[in-house]
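**Student:** The structure follows.
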Amino acid sequence: MRIILTTSIAFATIVAAAAGSYLYTVIAKPGIETAITIDAPPEAVWATLTDFESYEQWNPFITSSAGTATTGTRLRNTIDNNGSAMTFEPRITVAEPARELRWIGRFLAPGIVDGEHYFLLEALPGGQTRLVQGEQFRGALVPLAGNSLDVRDSFDAMNRALRERSEQQAAR
């Protein structure tokens, strides 16, 4: 009887801690957001961003990607996370040409660590584009992940490479 009670208390404590952690991420909305101005129109930036097969040629963060930019489909992405590769298969939730690309990737199962990654493209005067790249994190283990989720430098590196490639493509 005592073992069952102890096990029940331990289980209830774990469930409460996980629920509290998840609730924290829903309220606090931890995430990263970066932005860059690109001297190319949104259509050219979109074409570069969604040419997943060419990522290995120019992208220092998402070093390979396969799939199509269609809502509901899955991509197969490999990222360089401080020298170690990680492959995951996010589902595209928004694919509005020349405006927004958004996907959700998950670690193991929904609710553990979920990352909603997004790219927003805004047309600026003079044929330029403001690109915003970001990610919002939710899940029971997010508060414990700490700095391992801080990929701001990788986002910035990808933004710069996307700018360079988009500007080159638009100049052709």
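The values are calculated or read from the model by the stated rules, or taken from the named source; none is laboratory data. All figures in this text were calculated on a predicted structure; none of them were measured in a lab. Every residue, glycine as well, gets a Cβ built from its backbone with ideal geometry; the counts of neighbours run over all protein chains shown.
**Student:** Name every residue in region 30-60 that is of a type in the set (A, V, I, L, M, F, W, C) and at pLDDT below 95, in order of residue number.
**Tutor:** If the condition is that a residue be of a type in the set (A, V, I, L, M, F, W, C) and at pLDDT below 95, then Ile32 is the only one that fits.
**Student:** In contact with a helix residue (DSSP H, G or I) (Cβ under 6 Å, 6 or more places away or on another chain), modelled with pLDDT of 95 or more, under 21 Å from Thr50 (Cα atoms) and hydrophobic (A, V, I, L, M, F, W, C) - does that describe any residue in region 91-107?
**Tutor:** Looking through region 91-107, at least one residue is in contact with a helix residue (DSSP H, G or I) (Cβ under 6 Å, 6 or more places away or on another chain), modelled with pLDDT of 95 or more, under 21 Å from Thr50 (Cα atoms) and hydrophobic (A, V, I, L, M, F, W, C).
**Student:** Can you tell me which residue is surrounded by the most Cβ atoms within 10 Å (Cβ to Cβ) among those in region 86-132 that are farther than 20 Å from Glu164 by Cα, more than 15 Å from the chain's Cα centre (by Cα) and small (Gly, Ala, Ser)?
**Tutor:** So the residue we want is Gly111.
**Student:** Give the residues of region 81-100 that are out of contact with any strand residue (DSSP E or B) (no Cβ under 7 Å at 6 or more places or on another chain), outside any strand (DSSP E or B) and among the small types (Gly, Ala, Ser), sorted by residue number.
**Tutor:** Gly83
**Student:** Right, here's the next one. Please go through region 42-81 and pick out each residue that is in contact with a Leu (Cβ under 8 Å, 6 or more places away or on another chain), among the hydrophobic types (A, V, I, L, M, F, W, C) and within 19 Å of Val132 (Cβ to Cβ).
**Tutor:** Answer for region 42-81, where residues must be in contact with a Leu (Cβ under 8 Å, 6 or more places away or on another chain), among the hydrophobic types (A, V, I, L, M, F, W, C) and within 19 Å of Val132 (Cβ to Cβ): Val45, Trp46, Leu49, Ala69.
**Student:** Any residue that is of a type in the set (D, E, K, R) and either over 15 Å from Met158 (Cβ atoms) or not in a helix (DSSP H, G or I) (or both) - is there at least one of those in region 56-74?
**Tutor:** Looking through region 56-74, at least one residue is of a type in the set (D, E, K, R) and either over 15 Å from Met158 (Cβ atoms) or not in a helix (DSSP H, G or I) (or both).
**Student:** Something else about it: Out of curiosity, is Ala123 part of a loop (DSSP other than H, G, I, E, B) and in contact with a strand residue (DSSP E or B) (Cβ under 9 Å, 6 or more places away or on another chain)?
**Tutor:** No, not satisfied.
**Student:** Within region 154-168, is there a residue that is without any contact (Cβ under 8 Å) to a residue 24 or more places away in the chain and surrounded by fewer than 15 Cβ atoms within 10 Å (Cβ to Cβ)?
**Tutor:** Yes - at least one qualifying residue is present in region 154-168.
**Student:** Considering only region 108-156, state which residues are at pLDDT 95 or above and of a type in the set (Val, Ile, Thr).
**Tutor:** Correct list: Thr129, Val132.
**Student:** Which of the residues spanning region 74-109 are among the charged types (D, E, K, R) and free of Cβ contacts under 8 Å to residues at least 60 places away in the same chain?
**Tutor:** Result: Arg74, Arg76, Glu89, Arg91, Glu96, Arg99, Glu100, Arg102, Arg106.
**Student:** To continue, here is another question. Among the residues of region 65-85, write down those that are at pLDDT 95 or above, over 14 Å from the mean Cα position of the chain (by Cα) and not polar (S, T, N, Q).
**Tutor:** Ala66, Gly67, Ala69, Gly72
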